[in-house]
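A short worksheet on the structure shown next.
The values are calculated or read from the model by the stated rules, or taken from the named source; none is laboratory data. Quick caveat, the model's predicted, so the values are computed rather than measured. Backbone-built Cβ (ideal geometry, glycine too); neighbour counts: all protein chains shown. Surface accessibility is based on the protein's heavy atoms, side chains included, excluding ligands, DNA and RNA. Shrake-Rupley method; radii C 1.70, N 1.55, O 1.52, S 1.80 Å.
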Amino acid sequence: MMNKIYLASRSKARKELLRKFGFKFKVLPSKAKEQSKRGNLSFAQLVRNNARNKAEEVSARVGEGVIIAADTICVQDGRIFGKPKNMPDARRMLKRLSSKPQWLYTGLAVIKKTKTGTKLMLDHEKTKVCMDKLTSAQIERYFKQASPLGKAGSFDIQGKGAFFIKSIDGCFYNVVGLPLRKLYLMLKKLNFKFFFFFLPTIYCLLSTVLCGCSTEYNLVTKQEEKYYYSTDREVQMGQSINRQIEKEYKPAEDPLMQKRVEDIGKKIAAVSDRKEIDYHFRVLDEDEVNAVSLPGGYVYIFRGLLDKVSSDDELAGVLAHEVGHIVARHSIKKLQAMQGYSILRVLVAVSPVPGSADLGTAADVAFTEFLLGYSREDELLADQLGARYAKLAGYDPRGMVTFLQKLQEINRRSPPRQYSYYKTHPYVPDRIRVVKQELGQKIDFDDYINIEQLEHGNQKPF
């Protein structure tokens, strides 16, 4: 007979993680009081003690079973930040935490209680997190969409909090609130037969993905490539993300602006190397200078970028670049390369099973990934294809060069915003060189100088 599992926590994130990985459990919140002052204890000892106290309190109320308890704190400059007491406390907390790196400690306690006795396992995980420095206005907008109460540090990395996380050094799941690998090792040491819990979930996820697995010859990369998504699944994923974007982002109100983008975009799509999908070109009412492409043929242009475009030739270059990403299936390959919680949420979100996941959060994660840009190689290939498609569509492909030069000058005068085109699309001098080579133009001395500087780290990528 399998052991009953009890989660000694009210945390929605912890419950969601256990469910995603196939555990069947009962939530039994602990009544133990959390110790907030560490005294002579280390941060690791503090969270381990709190987790143990929670697990032992629940263990005393049940017969046989496995009790899982956790405690998470956020530490910056030696100061502990737990869950905020109220909204003003959450504002102050997040404003301070966004100014410097922070460390999240999670203590784990697992008790296996049987008729013959009780075994206790204790451990902890430590992860470093760096955020973008947030303004008060940004924090207010975030709190309108995600409640900070009940979250250590006042943010949720598995939701919209992911938008301002610059880097994570350590276990991603620890930031969510439950370090799964550590939990797995602890259960293994307790000889817990958990394989049967994981198997159905893993099988369903693999079936969803691998049933469409195919090897195709990519016309633009000239390579045999393996895809875990059929074209139909790719389009379905794009539709899912697009639905969420329409809820979260306001479209531009100028119909002439939208028509201009659609007309140019359709001409580009008509000459591209991928015509089995429908392309959608939309303008978002955002000040950022950026453009982004999604799976299944969706291209978004931010109004801030259109304000910088001085001709249809320049706009055609931007749109052709994004179409190049779609043709080369860069977004799909990026999703396939994503690891852990994010990719699982995206996979389940496009599952045909109703109510299998929070679609909004999955779409946020996916859209954030695309906002953060592609690899250097992907960007250069998209530039090469963009120049080719713009020319075939009847536009002057030199518009790509003038637009890139314009953005480079803007970047030199002012720092890039969070999701700016010249931040998420790096290596501007190298990109200009690739476009010129595609057009058969002469490479200037300055192009080589810029490349040299990039390679030696003397110039920051945009």
Added length on full extension, which subtracts the Cα-Cα distance from 0.36 nm per residue, residue 285 to residue 166: 40.4 nm
query: In nm, what is the difference between 0.36 nm times the number of residues separating residue 270 and residue 310 and their Cα-Cα distance?
result: 12.1 nm
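First measure r as the distance between the Cβ atoms of residue 141 and residue 92, then evaluate 1/(1 + (r/R0)^6) with R0 = 22 Å and state the FRET efficiency to the nearest 0.05.
Values: r = 17 Å, r/R0 = 0.76.
For R0 = 22 Å, the calculated efficiency reads 0.85.
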query: Roughly what % antiparallel, to the nearest 5, for the DSSP beta bridges in the range 1-112?
result: 70 percent
Heavy-atom accessible surface of the range 264-319: percent carbon and sulfur, 1.4 Å: 38 percent
statement: In debye to the nearest 20, the charge dipole size for the range 1-139, taken about the Cα centre with +1 at each Lys and Arg Cβ and -1 at each Asp and Glu Cβ, equals 280 debye
query: How far is it, in nm, from the label point at residue 230 to the one at residue 26 when both lie 7 Å from their Cα along the line to the Cβ?
result: 4.3 nm
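Which whole-number value in Å² is the accessible area per residue of the range 243-310, probe 1.4 Å? All intermediate terms of the calculation are to be shown ahead of the outcome.
On the way: 3210 Å² over 68 residues.
Value for the range 243-310: 47 Å² per residue.
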- line: In debye to the nearest 20, the charge dipole size for the range 245-314, taken about the Cα centre with +1 at each Lys and Arg Cβ and -1 at each Asp and Glu Cβ, equals 240 debye
task: Determine, for each peptide in 291-304, 66-79, the mean count of other beta carbons within 10 angstrom over its residues, then list the peptides with the highest first.
output: 291-304, 66-79
query: Relative contact order for the range 71-122: what is it in percent, counting Cα pairs under 8 Å that are at least 6 residues apart?
result: 36 percent
message: Given points 7 Å out from each Cα along the Cα-Cβ axis, report the residue 80 to residue 99 separation in nanometres with one decimal.
response: 2.2 nm
